[in-house]
Amino acid sequence: MCMRRNLEGPVGSLSLDNFKKILDSYNFRYVALHGWGEPLLNPELFEMIKYAESKGVHTNLTTNGTLIDENIGNIFDSGLREIAFGIYDKGVLLKTIPELEKLISEKAQLDLKKPKTYLDITIYEENYDEIPAMVKLAKEAGIEAVILHRLFNVYKVDPDIKYISEKEEGNLFHKVEELKKELKFEIYLPRRHSLPCRVVKYSVFVTCDGKVTPCCFLPEFYMGNVLESEDGIGDILRSREYREFFKNMKEHRVCNKCRW
């Protein structure tokens, strides 16, 4: 379900120098250091986190969890606030839990409050029946919260992967709400989708080479480059093109099909 293999152009990593330029160009409060790739592969990731935190910017990243063991010390030393494990298959979760538990165990031994840990699950047809069990596994492993979000497959990255029906979604959310009470566990359900969407209203997506787009699900729909703009991201966000996009999202060929 990842769009990486469908994106055109070269694969690259955000540099620390470009990160600083992007971060310093606007009054950000929160930065999520992930895109269409695995953030723990970036050798300068932890310096970026330290820089953002030194500016009072809340940091977060989502990882598939496979590189956690070799980065536990770096994660703690960087001051990272939140780490989400993006795992949507029960079998993969069972294989990955030992690595996640190492991080959680060392965090407890060191009496650290950060980073807060999440299991991030994308809902789709094939894992619909597994989700309650995955929530329980997360709780047993010591993960602090679970985030559920809807599948985004407007581009048909894999035409066989489909979202559940509205009735199934309602049933699933009811089960999860009951689990939340039973386990006394933090679980975040996706909100009702509406346009203009809250993602575009409250966030912006910047690629590793500084290109700016309103949403990570519009990875080739650019409205400017922060590294080339005199006034950084603020100049782009105030542009007529950006404001017109926000006003007319219902007519956009991708946004009008999105339920995320």
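The values are calculated or read from the model by the stated rules, or taken from the named source; none is laboratory data. None of these values were measured; they are calculated from a predicted model. Glycine also receives a Cβ, built like all others from the backbone with ideal geometry; neighbour counts cover every protein chain displayed. These area figures cover heavy atoms from the full protein model, side chains too; ligands, DNA and RNA do not enter into them. Shrake-Rupley method; radii C 1.70, N 1.55, O 1.52, S 1.80 Å.
Annotations
- FRET efficiency for Val57 and Trp36, using Cβ-Cβ distance with R0 set to 22 Å, rounded to 0.05: 0.50
- Selection among Leu100, Phe217, Pro39 by position relative to the dipole of the chain gives Phe217 as farthest towards the positive end (Cβ unit charges, Cα centre).
- By accessible area, using a 1.4 Å probe on protein heavy atoms only, the chain has 48% of its surface on carbon and sulfur.
- Extension gain (nm, one decimal) between Arg192 and Leu16, 0.36 nm per residue minus Cα-Cα: 59.7 nm
- Fraction of beta bridges assigned by DSSP in segment 22-103 that are antiparallel (%, nearest 5): 10 percent
- Value of D in µm² per second that Stokes-Einstein yields for the chain, Kirkwood Rh from Cα pairs, at 25 °C (0.890 mPa s): 125 µm²/s
- The average projected area of segment 1-137, computed from the convex hull of its Cα atoms over all directions, is 9.5 nm².
- Probe 1.4 Å, accessible area per residue of the chain, Å²: 55 Å²
- Gaussian network model of the chain, Cα within-10 Å springs - most flexible of Asn225, Asn74, Asn171: Asn171
- FRET efficiency for Arg259 and Asp231, using Cβ-Cβ distance with R0 set to 45 Å, rounded to 0.05: 0.85
- Among the trypsin sites (Lys or Arg not before Pro) in segment 4-98, those located in a DSSP loop and surrounded by at most 16 other Cβ atoms within 10 Å of their own Cβ are Arg29, Lys55.
- The value of relative contact order for the chain, using C-alpha pairs under 8 Å at least six residues apart, is 17 percent.
- Cross-link reach is defined here as a Cα-Cα straight distance under 20 Å, omitting same-chain residues fewer than 8 places apart; for Lys184 the lysines meeting it are Lys113, Lys116, Lys136, Lys139, Lys175.
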